[in-house]
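The values are calculated or read from the model by the stated rules, or taken from the named source; none is laboratory data. This is a predicted model, so every value here is computed, not measured. Here the Cβ positions follow ideal geometry from the backbone for every residue, glycine too, while neighbour counts run over all protein chains shown.
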Amino acid sequence: MTDFLIDLGLSRGLAVLIAKTLGVFALATIGLVWTIFLIWIERKVAARFQDRVGPNRAGPFGLVQSFADAIKIILKEDIMHRGVDRWVFNIAPLLSVMAVLMLWVVIPWTPTLVGVDLSVGVVYVIAAGAISAIAILMAGWGSNNKFALLGAFRAVAQLISYEVPTVLALLVPVVLAGSMSLQGIVREQHVMYALAAPLTVLIFIIASMAELGRAPFDILEAESELVAGYQVEYSGFKFGLFYVGEFLHAYTVGLTMAVFFLGGWRGPFVDDLPALGAVYLFLKSFIGYFIVLWIRMTVPRVRVDQMLDLGWKFLVPLSLLNLVVVALVWKIYPGTDSIDSFSEAIGPSLVLLVVNILMILGVGAVLREQGRRERERIEAKQRALELGAEPVSDVAPAGAGR
Amino acid sequence: MELTVESLVFLLFSLITLGGGLLVVTTRNLFHGALFLMLSLFGVAGLFALLTAPFLAGIQVVVYIGAIAILIIFAIMLTPQVTATRPSNNQWIAALVVAVVLFALLASIVTPLMDELGVEGWGASFTETDPPPVPEDSIADLGAAFVDPQRFMLPFEVASILLMAALVGAVMMVRPSREDDEAPAPVEAAEVAEPAPPRADAVEPVLVESQE
């Protein structure tokens, strides 16, 4: 592209600028159009989980349905009620989409095709997450609505809480690969890190689901309590932007998971045909995306205090322990800082896998013990209530049912 | 000065940084002030990136925009009557004096002004090669320097102990007193509802402290 522009007679700096700008436009457009298909996929998958068929009227398999919805949402009236903080209200949806599309810049699609191969790609990914928190805060405040503000408060508490385990989980591939560049992490991934460090993948999925703000962590827009949280006052295309941001973010979680833990573009015959890498990445990204949808469709919403407890009392200590153990194993095992092939990587990866399985078993035992104690406590309480003269309140049955 | 793409980008980021900073102190709306502060900090991150320090740029966004600015916004939102109060006081003269003095100090170090006035050894006397350009893998150097006993290990550990103490202190401050322990814990509340406001307030400082 750049060479073509230079041949046309442009100076080198201008040619690079034009080529990069076009690349950014292309990537952003692909991302946004792709979202329309994602919505269709998500509706179809959700329908199957709920024993329905899903959209099936417009076009073959209902493929055109999302296009119709998109056109409808653009044509809707843009309502801005009185008392809105105009600039803040209007910028927030743009920021929320931008924060997600920013991630696409550093994704290595093939061994050669990558927007920018930043040497600090992982830090960049985390920084983009910080921007989405601001977008939600701006939306909540700018709407001048108490439900929106409450939703934004919850959202930011959730995003900040779960940023810690996300960062600690992402540090594990960094430690294993010895690189913070996403391309570097994929290159070093001779054995998928998901196989070497499954506990990290679990932590990453849970923390990412919380950062997404979808069920089971959708307390920031809990319909029964907050109407729709921070997006309650938005209509038409601005609501559509939030919607696009959410769906695209869900898919991007699958994409980042594929890059960090499933080997990115790695696969058979990629050395001969680099474009094949994009296909592998595409297929792998759907593993993470499907897991996100799966959890969303099957797990009920958590409460605020449960969300904070899970984050601070369970995931943060666990991810700290996990990081220390992985780093220790990787340091102690000889020759791990110069791994160049699958055969060299398989030894330490197996050791890591065994250690991971031991950790998972340990965590499982601790959780089972905690659950048993909690159940006994509630049962004892209920027995005491049944023996007692008066049923004090309806607290006990609700508590026991939990 | 030759107008390259780099200098254009530098001008843009300087404009964002300075303009954002100016708007922080002139805007009447505190919440807007906090947002402009974020913009200004973002400009600084851009300047870091331009100085081939991408790690600092990323950390600038994560820590200053993602944690500290959000902490400031929380403080603003928890202030009652935030939009009604006039956030101005009579310290602008003092602020102006401090700003001018600070600027003069920085300018005298960075520019060769003091050398020309005849003061020896005051200015930093930067040249094309001094300070030298940032090495390619500066992150690895940074990491090694932090755990090298000959270099920054002690300051690094002292800083981490300080943050740990702040974390424990924050937890202690929001810890419910003994009478509250007798009362049913919030987990046992039957209805799926908002946590009581004091609890929500209480959790926030802990969250943000640990971010730093």
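A few comments on the model shown:
- Among the residues making up the stretch A:265-283, those that are closer than 18 Å to A:Ile30 by Cβ and not hydrophobic (A, V, I, L, M, F, W, C) are A:Gly277, A:Tyr280.
- Within the stretch B:1-49, restricting attention to residues that are touching a residue at least 24 places away in the same chain (Cβ under 8 Å) and among the hydroxyl-bearing types (Ser, Thr, Tyr), the residue that is nearest to the other protein chains (Cβ to nearest Cβ) is B:Ser40.
- Residues satisfying the stated conditions in the stretch A:25-52, i.e. without any contact (Cβ under 8 Å) to a residue 12 or more places away in the chain and surrounded by fewer than 16 Cβ atoms within 10 Å (Cβ to Cβ): A:Phe25, A:Ala26, A:Thr29, A:Ile30, A:Val33, A:Arg48, A:Asp51, A:Arg52
- All conditions in (1) away from chain B (no Cβ under 14 Å); (2) in a helix (DSSP H, G or I) hold for A:Asp51, with the sole exception of (2).
- Any hit, the stretch B:50-69, residues being in contact (Cβ under 8 Å) with a residue 12 or more places away in the chain, surrounded by fewer than 16 Cβ atoms within 10 Å (Cβ to Cβ), more than 9 Å from every other protein chain (Cβ to nearest Cβ) and farther than 21 Å from A:Glu163 by Cβ: yes
- With respect to the conditions (1) surrounded by fewer than 13 Cβ atoms within 10 Å (Cβ to Cβ); (2) not assigned by TED's automatic domain parsing to the domain that holds A:Ala139, A:Thr112 lacks only one, and its number is (2).
- So A:Leu94, is it farther than 23 Å from A:Gly263 by Cα, more than 9 Å from chain B (Cβ to nearest Cβ), of a type outside the set (Ser, Thr, Tyr) and out of contact with any His (no Cβ under 9 Å at 6 or more places or on another chain): yes
Here's the yes/no breakdown for (1) under 24 Å from A:Ala215 (Cβ atoms); (2) aliphatic (A, V, I, L, M):
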| site | (1), (2) |
| --- | --- |
| A:Ala15 | no, yes |
| A:Lys20 | no, no |
| A:Gly31 | yes, no |
| A:Lys72 | no, no |
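- Among residues of the stretch A:117-165, those that are more than 10 Å from chain B (Cβ to nearest Cβ), among the β-branched types (Val, Ile, Thr) and surrounded by fewer than 24 Cβ atoms within 10 Å (Cβ to Cβ), counted: 0
- Unique match (being over 21 Å from B:Gly143 (Cα atoms), in the same structural domain as A:Ile107 (by TED's automatic domain parsing) and aliphatic (A, V, I, L, M)) among A:Ile134, A:Ile185: A:Ile134
- Residue check, A:Asp305 under 23 Å from A:Gly184 (Cα atoms) and within 14 Å of chain B (Cβ to nearest Cβ): no
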